[in-house]
Amino acid sequence: MAKLNQPKAASERSSRKRGRRHPFATFALIAIGLGLTGGVYAAATAVPAAASAETTASSQADVDAGQKLFQANCATCHGLSAEGTDSAPSLIGVGAAAVDFQVGTGRMPMAMDGPQAQEKTPQFTDKETKQLAAYVASLAPGPSIPASEYTDGKGDAAEGAELFRINCAMCHNVAGAGGALTEGKYAPALKGVTGTHIYEAMVTGPQNMPVFNDQNITPQQKADIITYLDYIQKNPSPGGFALGDLGPVAEGLFLWIFGLGSIVALAVWITAKAN
Amino acid sequence: MSTSTDTPRLKRTGFTAAAANYLDERTSISAVVKEFGRKIFPDHWSFLLGEVALYSFVVILITGTFLTFFFQASMAEVVYNGSWVPLKGIEMSSALQSTLHITFDVRGGLLVRQIHHWAALLFVASIGLHMMRIFFTGAFRKPRELNWVIGFLLFVLAIAEGFTGYSLPDDLLSGNGLRIIDGLIKGLPLVGTWISFLLFGGEFPGTAIVGRLYTLHILLLPAMVLAFIALHLVFVVVHKHTQYAGPGRTQQNVVGYPILPVYAAKAGGFFFVVFGVIVLIASLFTINPIWEYGPYDPSPVSAGTQPDWYVGFADGMLRLIPPHWEFEWLGRTWSFNIIVPVLILVIFLALAALYPFIEAWVTGDKREHHIADRPRNNATRTAIGAAGVVFYADMWAAASGDLIATHFKLSIESVTHTMQLALIFGPIIAYFVTKRICIALQKKDRSLALHGYESGRIVRLPGGEYIEVHQPISEYDRWRLVSQESYAPLMLRPDSRGRITMSQRLRAALSRWFYEDRLTPLTQTEIEAAAHHGHGDAQPELEEAGPQH
Ligand code: HEM
């Protein structure tokens, strides 16, 4: 201890002796200040993320397996160490959630250039997806795959419905039936999307969807939204067939073709019988 | 079958006759029964379309009355606490709350709501088809022009009924619809903002609009629709029905069934058919799921927000206007992106309302018409109608541009641009194509009437020549094919002061255009000659454009 203290005491003495601070002290102070603020900020923002993170830490073996899969399947576009290329963005810092969403819904590896990455049947098993996610997460911290307590649809549906109308309906339609964006892009229908993928879509903002981080919509509110989407899937429309939940256009088309169509057919039949 | 020419009434004695006589002497009811009861209905399905409209209106009245028992037209804020879980604890107006109450907590409420709304869609759709029937058969011509105008008013009133109706629940979708109307009104120069504040009782959305729309929807508009329907039907009885040409059918009679007893029974049956179809649809298919839309709140707008189909053409016209048509001038904003579509819509509707008068002026035709035209025999009118239908359909389709884009994997910009082009060129193409098709069909009819149909029997003549034997068609069929009225374009004649005015020149030019390319109707001698020879040698001829002598 004493040995360790000595240089410090010496430097203190020397600085006092010179009567002024070391020219680098200001720098050091600022650096420490910045470091501290950053650290606290990071810790603060990391709290909800940590709350939503799956606790099972991925092993180094997963990361290695993930790296191999990545280099074989993704590197052509995303670069050998996910640093990004001209044709695809860097994946450093996108987090496990983004990979789990993109690969789990079959969007990645991307098939062809179009207005936006298409959903396909996923090309990797669940295990491989998790390995890829572990690899990308190991590059830099980012949103992780959410814990099941937030994705199992046990929140408040009414709260979720209201949040959904305010934050999501302008692109996805009130009933989650999907909608058009500009230049051939579109917000897909949300039927059949798992709770985990809904959560991940919100925290990572795939393609043209904005990111809804935990300050915008807290993890609990995200769970409420998932609960609402889950509710309308499990409880089909009380009014009967919903005609794709597309609203008045589908209703009008149906009425002209089948409603008026069948009435005209009956009218033809009635007048024909008379002769 | 019978005709409406008077049949001598049998003299009856006994109690019934005495009673009838007693009533008649005091009420002159026999005149009414004779007029209405002996009214003849021709038997053709297209003559039932007006009835479909009438019956769906009756269904609307019945179900609407039920809804008024439970609906509360108030915008007071309440907290929902009914059975629909995803809205529990949410603040909303009591209009929406009572509609949700009808939907989930009144027995049969949802079914009645759905019947009411589906019937409303059918009501306007059947009016549309009915209108097309009247147009394409020329049933709007003298003496029925005024009834066309009454019918047109009914069409507009029906749209207004629908719009006020679906705005009542005060859900997100209806609020968005009202917001568009509010924007539309505010876009009108000078008066816009005043009218908007007057309508909404202050700044949009305010707290008055649902109550006001309710008064319109259940009192004023239905009363007007009823009054106009009554007038419309009285006119139908007074004018008698038009009928399609056929043996025994003349300008003076109507062939078909009298209302009493045959037609009344059939019509009563048909009412239940229409009612049945509506109930079947309503019990199987959701319409206007307000529980998904939630309460109105000015900030969120859902993707795929569209009006009911009959307002779609107006919404579509707004969507078709290119951007940046708004500028400031004299310290005011001039929203030509709103003024122009409103003008286009008003002109389009005005042309439709006034068409009978326009056509009568152009053709100078002052005769009465009781025989319906076959659409092909009046190629120009049919072509004009087709152009109008395409114009309307394009506006209508534009209202669903976003859904077309997502469902056919197109970009919304290309869909909009295609529809903008189609709005201009579609009607022009439709006009020429329809006209050519009509004339080709006329030629086909002509050759059928003159040469009969191809029998498929090939005969070798003694000289070695092969011919196919043509069978003459029956007298009945020929009647249908050749009974066509003759027309001639107007001639330019100097007026009493010996001058030819500009408007006369215009009229004559339009008249020539209207009759251009028409086949001259066959003369009696041509028909007889053809009938005697088995096949005549008269060729279909195109009439030369220009005044005839
Ligand atoms: C409330 C909506 C309407 C109802 C309930 C209604 C009802 C009827 C009925 C029952 C008839 C007799 C049957 C038939 O010819 O189809 C009729 C005839 C007629 N309607 Fe309508 N109609 C409506 C709207 C319209 C509209 C929108 C128009 C045109 C702008 C129109 C124009 C006519 C004309 C000209 C006739 C006489 C047709 C003939 O004698 O051949 N109606 N209507």
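Quick one: check the C-alpha center-to-center distance for segment A:144-170 versus segment A:187-210, whole angstrom.
11 Å
What is the distance in Å between the Cα centres of segment B:111-185 and segment B:285-338?
That distance is 18 Å.
Under 13 Å from the Cβ of A:ASN208, count the other residues' Cβ atoms, weight Lys and Arg +1, Asp and Glu -1, and hand me the total. Don't skip to the end; give the middle numbers.
Numbers: positive: A:ARG107, A:LYS185; negative: A:GLU183.
It works out to a net charge of +1.
Which peptide among B:272-279, B:317-324 comes first, and what is the full order, when sorted by highest mean count of other Cβ atoms within 10 Å? Present the calculation step by step, with values, prior to reporting the outcome.
Working: B:272-279: 19.0, B:317-324: 15.4.
The most tightly packed comes first, giving B:272-279, B:317-324.
Just rank A:MET170, B:MET419, fewest to most, by other beta-carbon atoms within 10 angstrom. Don't skip to the answer; put the middle values down first.
Details: A:MET170 17, B:MET419 20.
Placing the least packed residue first, the sequence is A:MET170, B:MET419.
For segment B:82-170, run through the trypsin sites (Lys or Arg not before Pro) and keep only the ones in DSSP coil with at most 15 other Cβ atoms within 10 Å of their Cβ. List each step's numbers first, then the result.
Working: sites: B:LYS88, B:ARG107, B:ARG113, B:ARG133, B:ARG141, B:ARG144; in loops: B:LYS88, B:ARG107, B:ARG141, B:ARG144.
Passing both the DSSP loop test and the Cβ count: B:ARG107.
May I ask you to order A:255-261, A:245-251 by the average number of other C-beta atoms within 10 Å around their residues, highest value first?
Working: A:255-261: 17.1, A:245-251: 23.7.
In decreasing order of mean packing, A:255-261, A:245-251 become A:245-251, A:255-261.
Report, in deg cm²/dmol and to the nearest 500, the calculated mean residue ellipticity at 222 nm for the protein assembly as shown, where each DSSP H run with n ≥ 4 adds -39500 (n - 2.57) and the sum is divided by the residue count. Present the calculation step by step, with values, prior to reporting the outcome.
Working: 32 runs with 463 residues, N = 824.
After summing the helix terms and dividing by the residues of the protein assembly as shown, the value is -18500 deg cm²/dmol.
Most exposed first by the Cβ proxy, i.e. fewest other Cβ within 10 Å, how do A:VAL203, B:VAL390, B:VAL78 rank? Please report the intermediate quantities before stating the final value.
Numbers: A:VAL203 25, B:VAL390 21, B:VAL78 16.
Ordered by Cβ neighbours within 10 Å, fewest first: B:VAL78, B:VAL390, A:VAL203.
Ordered by residue, what ³J(HN,Hα) values in Hz, to whole numbers, does segment A:70-76 give under the Karplus form 6.51 cos²θ - 1.76 cosθ + 1.60, where θ = phi - 60° and Gly and Pro are x?
Karplus values, whole Hz, x for Gly and Pro: 4, 5, 6, 10, 10, 5, 3.
Mind pulling the angle between the C-alpha long axis of helix B:309-320 and the longest principal axis of chain B? Nearest 10 degrees, somewhere in 0 to 90.
Helix B:309-320 sits roughly 80 degrees off the main axis of chain B.
Mind checking which aspartates and glutamates have their C-alpha under 17 Å from A:LYS191, skipping anything on the same chain fewer than 8 residues away?
A:GLU119, A:ASP152, A:GLU200, A:ASP224, A:ASP230, A:ASP245, B:GLU292
Step through the table entries A:LYS120/A:LYS154; A:LYS127/A:LYS185; A:LYS154/B:LYS88, compare each Cα-Cα distance with 25 Å, and write down the pairs that go over it. Provide the component values of the computation, followed by the final result.
Working: A:LYS120/A:LYS154 28 Å; A:LYS127/A:LYS185 31 Å; A:LYS154/B:LYS88 16 Å.
Violating the 25 Å limit, Cα to Cα: A:LYS120/A:LYS154; A:LYS127/A:LYS185.
Over chain B, what is the relative contact order in whole percent, taking alpha-carbon pairs under 8 Å and six or more residues apart?
Numbers: 712 pairs, mean separation 87.4, N = 549.
This gives 16 percent for chain B.
Skipping prolines and chain starts, which residues have an amide H placed within reach, meaning under 5 Å, of the one on A:GLY179, given they are 5 or more residues away or on another chain?
Answer set, sorted by chain and number: A:ALA187.
Other chains' Cβ within 10 Å of A:158-168 residues: what's the mean?
5
Filter the trypsin sites (Lys or Arg not before Pro) in segment A:70-139 down to the DSSP loop ones having no more than 14 other Cβ atoms within 10 Å, then list what survives.
Values: sites: A:ARG107, A:LYS120, A:LYS127, A:LYS130; in loops: A:ARG107, A:LYS120.
When the trypsin sites (Lys or Arg not before Pro) of segment A:70-139 are filtered for loop state and at most 14 Cβ neighbours within 10 Å, A:LYS120 remain.
How long is the gain from B:TRP334 to B:PHE408 if the chain were fully straight, where each residue apart is worth 0.36 nm and the alpha carbon distance is subtracted? Walk me through the numbers on the way to the answer.
Numbers: separation 74, 0.36 × 74 = 26.64 nm, distance 3.61 nm.
Computed gain between B:TRP334 and B:PHE408 is 23.0 nm.
Whats the longest run of chain B with zero GluC sites (Glu not before Pro) that are DSSP loop and have at most 13 other Cβ atoms within 10 Å? List each step's numbers first, then the result.
Details: sites that count: B:GLU203, B:GLU368, B:GLU465, B:GLU541, B:GLU544.
After excluding every exposed loop site, the longest remaining stretch is B:1-202.
Would you be so kind as to identify which of A:VAL193, B:ASN21, B:LEU110 lies farthest towards the positive end of the dipole of the protein assembly as shown, taking Lys and Arg as +1 and Asp and Glu as -1 on Cβ and the Cα centre as origin?
Comparing the listed Cα positions along the dipole, B:ASN21 ranks first.
Out of the trypsin sites (Lys or Arg not before Pro) in segment A:170-249, which ones are loop residues according to DSSP with at most 14 other C-beta atoms within 10 Å? Don't skip to the answer; put the middle values down first.
Details: sites: A:LYS185, A:LYS191, A:LYS222, A:LYS234; in loops: A:LYS185, A:LYS191.
Those satisfying the criteria are A:LYS191.
Cut-off under 17 Å on the C-alpha distance; same-chain residues fewer than 8 positions from B:LYS34 excluded. Which aspartates and glutamates are left, in chain and number order?
Result set, ordered by chain and number: B:ASP6, B:ASP24, B:GLU25.
Among the aspartates and glutamates, which fall within straight-line cross-link reach of A:LYS68, defined as a Cα-Cα distance under 12 Å, with same-chain neighbours fewer than 8 residues apart omitted?
Within the straight-line limit of under 12 Å, A:LYS68 reaches these aspartates and glutamates: A:GLU128.
What net charge do the residues around B:ARG493 carry, taking every other residue with its C-beta under 15 Å from that of B:ARG493, with Lys and Arg at +1 and Asp and Glu at -1? Mind showing how you got there, number by number?
Working: positive: B:ARG497, B:ARG499, B:ARG505, B:ARG507, B:ARG512; negative: B:ASP495.
Summing Lys/Arg as +1 and Asp/Glu as -1 gives +4.
Please turn the phi angles of segment B:292-306 into ³J(HN,Hα) values with the Karplus equation 6.51 cos²θ - 1.76 cosθ + 1.60 (θ = phi - 60°), one per residue in order, whole Hz, x for glycine and proline.
The phi angles translate into 7, 6, x, x, 6, 8, x, 7, x, 10, 7, 4, x, 7, 10 Hz.
Rounded to the nearest 20 debye, what is the charge dipole size of the protein assembly as shown about its Cα centre when +1 sits on each Lys and Arg Cβ and -1 on each Asp and Glu Cβ? Numbers along the way, then the final one.
Values: 64 positive and 67 negative charges, 225 e Å.
Roughly 1080 debye for the protein assembly as shown.
For B:THR520, enumerate residues with amide H under 5 Å from its amide H, sequence gap 5+ or separate chain, H modeled in the peptide plane.
When sequence neighbours closer than 5 places are left aside, the close amide H contacts are B:GLU541, B:GLU543.
For the protein assembly as shown, treating each Cα as an identical point scatterer without solvent, what Debye log10 I(q)/I(0) comes out at q = 0.05, 0.07, 0.11 1/Å?
Log-scaled intensity ratios, in q order: -0.43, -0.74, -1.31.
Taking other Cβ within 10 Å of each residue's Cβ, how do B:SER74, B:SER455, B:SER299, A:SER262 sort, fewest first? Write out the running numbers ahead of the final one.
On the way: B:SER74 17, B:SER455 11, B:SER299 7, A:SER262 14.
Final ranking by Cβ density, sparse to dense: B:SER299, B:SER455, A:SER262, B:SER74.
Listed here are the pairs B:LYS240/B:LYS366; B:LYS366/B:LYS443; B:LYS366/B:LYS435; B:LYS142/B:LYS186; which of them are more than 29 Å apart at the Cα?
Details: B:LYS240/B:LYS366 18 Å; B:LYS366/B:LYS443 27 Å; B:LYS366/B:LYS435 24 Å; B:LYS142/B:LYS186 41 Å.
Table pairs above 29 Å Cα-Cα are B:LYS142/B:LYS186.
Lys and Arg at +1, Asp and Glu at -1: add these up for the other residues within a Cβ distance under 12 Å of B:SER302 and post the number. Walk me through the intermediate numbers first.
Numbers: positive: A:ARG165; negative: A:ASP245, B:ASP171, B:GLU292, B:ASP297, B:ASP402.
Around B:SER302, the charge tally is -4.
Where a number appears in this text, it was derived from the coordinates with a stated rule and is not lab data. Bear in mind the structure is a predicted one, so any value in this text is a computation, not a measurement. Note that each Cβ is placed from the backbone with ideal geometry, even for glycine, and that neighbours are counted across all protein chains shown.
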